[in-house]
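Encoded as structure tokens, the structure appears first; notes follow it.
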């Protein structure tokens, strides 16, 4: 029982750090534009699928990953420019449908490009399991964990210690005031979309060797990332990271001890419970206090 | 005057099979559009009139369908009794969840309803001994009403059209009642509505239950009409489509929701020929309509019509005045 628990925790943290990265993307975009971007999961899928294709075409992994990330980042910018900006000031329901439309569109593009098959990336450093205490760990899990720690730290430092990051945060507090002190809000908006598309793509590339990718792979990931952002209190980047880890661990425990078929139901039941007792997420009010 | 639109709608629904007898498009696609109208009109009460969102409404549609399917195939219940059971189940679950869920706002409400829909869908897939799992349940007997068994596409078209008109009539009446005014007040400002003495929590609960009942009713009809149910008909994408129908037609308009439902059903039929491009076009259209016509097709177009109308009427009154002089 304790050995199993340890194994489930390791799995949970790996999956959770993926959710954390997707959730972080949600929080960044929400901060900059008050939009929940339901196409976030599609960024993960596009990053993974592009990298897989490029590696299959004989490109070295690092170059393939870099190009895939840049391409996805470009898709994020295009989404902002051609779907979000023209609908500025639309209602919550309208923006939800626009981004869901964008997600369906991107899925449609992926279906045309890659078909319905599942594709996988070869592991970055072999697939000999590492034995760690009673748990076994795929080397790729370490890549995911390390990548997530690096990216989250970088985003945290960027938001709190650079002028541009602070400008982005300023936009999230009060867009009009940010504009008045000379922050170019439009640029910040593009920055947020580009950044979260890039984050999503890297997350997708890191996880691609473990979970196979297909044109539909982004749907559930996007929803879990949204859940992570909601649990953390939407618009709170580090709350989203904590929410993602919590969600991943609970899901792994639920899958291990209760039923793997019900793991998605367990994850969303947890989200519902959080919302029933804390209607603005676990770390939701911190945003208000920070002002 | 209030029911003019209703009579026009009823006349069109009745005339279609007369004008195009034995037409697959009218009977089969028309029946599917009719079910979508019931769903969209019910959801519109919640989204359009009350200003709440539900991204999990397919769950209630599924509850009605599965209640009918399970009760008739496994327990041999008559269809109408199974339908009542489905309404009871969906209604009570909606009632139980309404208060905690509708306390949430905006994106939190979207998340909660979305999660609710996914949980119900997972149960449909996993509770195999009851629901038949991913393969679904087949062999649902035809619906029998007072000794009359509904069979064939034409009869189903008639029954669904009648059910659709009933729900439109109900919705029009709800909207114009004391409750309907309370709902619109909640949409305007929940706080102001409370100050006016409206019990907003119970108003929101009532409308949530009513829209769940509409959905479960459509679900029962769907199960009998198809004689087969599977979880794929009640997943997240279906919930999203229901919301799209309401928003596409134009919010806070019963006929807008109905037109949105019909438009989206026709769109799906039309896009089938594009095969692999279907998804791409579907996504692009969703984005385009929401960007360029955020108030919805029906409301957008009727505003244009009204502007044209007042333009001409303005001219004719001017004429009358000049003649009077």
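The values are calculated or read from the model by the stated rules, or taken from the named source; none is laboratory data. Quick caveat: nothing in here was measured; it's all calculated off a predicted structure. We place every Cβ from the backbone using ideal geometry, glycine too, and count neighbours over all the protein chains shown.
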Original post:
Restricting the stretch A:168-219 to residues that are out of contact with any helix residue (DSSP H, G or I) (no Cβ under 7 Å at 6 or more places or on another chain) and closer than 19 Å to residue A:106 by Cβ, which is surrounded by the most Cβ atoms within 10 Å (Cβ to Cβ)?
Top reply: A:214
Original post:
Which one of the conditions (1) over 20 Å from the mean Cα position of the chain (by Cα); (2) away from chain B (no Cβ under 13 Å) does residue A:278 fail to meet, given that it meets all the rest?
Top reply: (2)
**OP:** Within the stretch B:167-186, identify whether any single residue is within 14 Å of another protein chain (Cβ to nearest Cβ) and touching a helix residue (DSSP H, G or I) at 6+ places or on another chain (Cβ under 8 Å), and answer yes or no.
**Re:** no
Original post:
Mind checking whether some residue in the stretch B:127-139 is in a helix (DSSP H, G or I) and at pLDDT 90 or above?
Top reply: no
Original post:
Residues of the stretch B:79-107 being part of a helix (DSSP H, G or I), surrounded by fewer than 22 Cβ atoms within 10 Å (Cβ to Cβ) and within 14 Å of chain A (Cβ to nearest Cβ), which ones?
Top reply: B:93, B:96, B:97, B:98, B:99, B:100, B:106
**OP:** Give just the number: which of (1) at pLDDT below 90; (2) part of a helix (DSSP H, G or I) does residue A:131 not satisfy?
**Re:** (2)
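A quick yes/no check of all residues on (1) within 14 Å of chain B (Cβ to nearest Cβ); (2) at pLDDT 90 or above; (3) surrounded by fewer than 24 Cβ atoms within 10 Å (Cβ to Cβ):
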site	(1), (2), (3)
A:15	no, yes, no
A:20	no, yes, no
A:24	no, yes, no
A:33	yes, no, yes
A:58	no, yes, yes
A:64	no, yes, yes
A:71	no, yes, yes
A:101	yes, yes, no
Subject >> Residues (at pLDDT 90 or above and either within 21 Å of residue A:21 (Cα to Cα) or facing chain B (nearest Cβ under 9 Å) (or both)) located in the stretch A:245-261 >> reply: A:245, A:246, A:247, A:248, A:249, A:250, A:251, A:252, A:253
Subject >> Matching residues in the stretch A:222-237 - criterion: being under 15 Å from residue B:106 (Cβ atoms) and either modelled with pLDDT of 90 or more or within 7 Å of chain B (Cβ to nearest Cβ) (or both) >> reply: A:226, A:229, A:230, A:234
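Is at least one residue of the stretch A:87-99 within 16 Å of the chain's Cα centre (by Cα), closer than 22 Å to residue A:221 by Cα and surrounded by 13 or more Cβ atoms within 10 Å (Cβ to Cβ)? Step through it out loud before you land on a result.
Taking the stretch A:87-99 as the starting set, the residues that turn out to be within 16 Å of the chain's Cα centre (by Cα) are A:99.
Narrowing further to those that are closer than 22 Å to residue A:221 by Cα: A:99.
Now narrow it down to the ones that are surrounded by 13 or more Cβ atoms within 10 Å (Cβ to Cβ): A:99.
Taking every residue of the stretch A:87-99 in turn, at least one turns out to be within 16 Å of the chain's Cα centre (by Cα), closer than 22 Å to residue A:221 by Cα and surrounded by 13 or more Cβ atoms within 10 Å (Cβ to Cβ).
Here are some residues: A:106, A:79, A:112. Which one is closer than 28 Å to residue B:242 by Cβ and at the interface with chain B (Cβ under 7 Å from one of its Cβ atoms)?
Numbers: A:106 fails: at the interface with chain B (Cβ under 7 Å from one of its Cβ atoms); A:79 fails: at the interface with chain B (Cβ under 7 Å from one of its Cβ atoms).
Step by step, each of A:106, A:79, A:112 is checked, and only A:112 is closer than 28 Å to residue B:242 by Cβ and at the interface with chain B (Cβ under 7 Å from one of its Cβ atoms).
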Original post:
If you take the residues of the stretch B:262-287 that are buried (at least 18 other Cβ atoms within 10 Å of the Cβ) and in contact (Cβ under 8 Å) with a residue 60 or more places away in the chain, which of them is nearest to the other protein chains (Cβ to nearest Cβ)?
Top reply: B:264
Subject >> Evaluation of residue B:110 against (1) within 14 Å of chain A (Cβ to nearest Cβ); (2) on the phi < 0 side of the Ramachandran plot; (3) in contact (Cβ under 8 Å) with a residue 60 or more places away in the chain (one fails), failing number >> reply: (3)
Subject >> Residues being touching a residue at least 60 places away in the same chain (Cβ under 8 Å) and at positive phi - total across the stretch A:118-145 >> reply: 1
Original post:
Which residues, counting only those in the stretch A:183-235, are closer than 21 Å to residue A:77 by Cα and in contact with a strand residue (DSSP E or B) (Cβ under 9 Å, 6 or more places away or on another chain)?
Top reply: A:204
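So is residue A:3 under 15 Å from the mean Cα position of the chain (by Cα), over 22 Å from residue A:165 (Cα atoms) and part of a helix (DSSP H, G or I) or not?
Details: under 15 Å from the mean Cα position of the chain (by Cα): no; over 22 Å from residue A:165 (Cα atoms): yes; part of a helix (DSSP H, G or I): yes.
Spelling it out, it is not the case that residue A:3 is under 15 Å from the mean Cα position of the chain (by Cα), over 22 Å from residue A:165 (Cα atoms) and part of a helix (DSSP H, G or I).
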